[in-house]
Amino acid sequence: MSKNKHNMNKQAKDTPAQEEAPEIMDVLDNEGVDANTETAEEAENADLQNQLEAARAEIEKEKKEYLFLMADFDNYRKRVTREKADLMKNAGERVLLGLLPILDDFERGLAATGETADAVRQGMELIYNKLVKYLESNGVKAMDSTGQPFDADLHEAIATIPAPTEDLKGKVIDTTQKGYMINDKVLRHAKVAVGE
């Protein structure tokens, strides 16, 4: 018996230990865990797939809105450009339309023959007053320059002349061409002679 024990011990030392075969319960438990893991992974994959589809749908919606806004802006830009071109083309239309009655008055004055110089002068004054009123109604006003201090923003000095009195030095002595303002902006500078 001791020889048998010795042989068994020797065999145990000489041969590698055989792995124990898994028991049936262990195999069944592992299969259950694998099935649960696969089910959890499938649920997580389905959830991620749903999130991906929702994100794609949101991106597509945002893309459509962006394209709509770009098209709307492009239409707005084209419309504004067209309106601006029309405005520039027809800006003078209103002004010219207002000048036509004055032109009619000039034609009537030229057609009148046999008038005295006094009657012609009165007709010219009427036309002049009508034109001044029309310009004033459009914001155009004549500058009163003579006797005013010289201002380079309003006046264009074309000559300097000796001032007749000391208080007229640096002031406008004579206006050779009237200046005009339109809505508090210089439309035409007054051409003046300045005292020195």
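What FRET efficiency would be calculated for the residue pair Ala55, Asn183, taking the C-beta separation as r and a Förster radius of 41 Å, to the nearest 0.05?
Details: r = 57 Å, r/R0 = 1.39.
The computed FRET efficiency comes out at 0.10.
Under the 0.36 nm per residue contour assumption, what length would be gained going from the current alpha-carbon distance of Phe73 and Asp153 to full extension? Show your work: numbers first, answer last.
Values: separation 80, 0.36 × 80 = 28.80 nm, distance 4.14 nm.
Here the answer is 24.7 nm.
Listed here are the pairs Lys130/Lys171; Lys78/Lys133; Lys130/Lys185; Lys84/Lys185; which of them are more than 30 Å apart at the Cα? Don't skip to the answer; put the middle values down first.
Details: Lys130/Lys171 32 Å; Lys78/Lys133 38 Å; Lys130/Lys185 23 Å; Lys84/Lys185 22 Å.
Listed pairs above 30 Å: Lys130/Lys171; Lys78/Lys133.
Accessible area of Lys171, 1.4 Å probe, to the nearest 10 Å²?
Around 70 Å² of this residue is reachable by solvent.
Evaluate E = 1/(1 + (r/R0)^6) for Ala142 and Ala111, where r is the Cβ-Cβ distance and R0 equals 35 Å; express this FRET efficiency to the nearest 0.05.
Values: r = 30 Å, r/R0 = 0.84.
Using R0 = 35 Å, I get an efficiency of 0.75.
At 1.4 Å probe size, put Thr116, Thr37, Thr175 in order of accessible surface, largest to smallest.
On the way: Thr116 85, Thr37 65, Thr175 40 Å².
So the residues, ranked largest to smallest area, are Thr116, Thr37, Thr175.
Placing unit charges on C-beta atoms (Lys and Arg positive, Asp and Glu negative, everything else neutral), compute the dipole magnitude of segment 80-196 about its Cα centre in debye, rounded to 20.
That gives a dipole near 400 debye.
Expressed as a whole number of Å, what is the distance separating the alpha-carbon centroids of segment 102-175 and segment 181-196?
Measuring centre to centre over Cα atoms gives 13 Å.
What does the accessible area per residue of segment 60-175 come to in Å², with a 1.4 Å probe and no ligands, DNA or RNA counted?
Numbers: 9410 Å² over 116 residues.
Each residue of segment 60-175 exposes 81 Å² on average to a 1.4 Å probe.
The values are calculated or read from the model by the stated rules, or taken from the named source; none is laboratory data. Small disclaimer: the values here were computed from a predicted structure and weren't measured. Glycine gets a Cβ as well: all are built from the backbone with ideal geometry, and neighbour counts include every protein chain shown. For accessibility, only protein heavy atoms count, side chains too; no ligands or nucleic acids. Shrake-Rupley method; radii C 1.70, N 1.55, O 1.52, S 1.80 Å.
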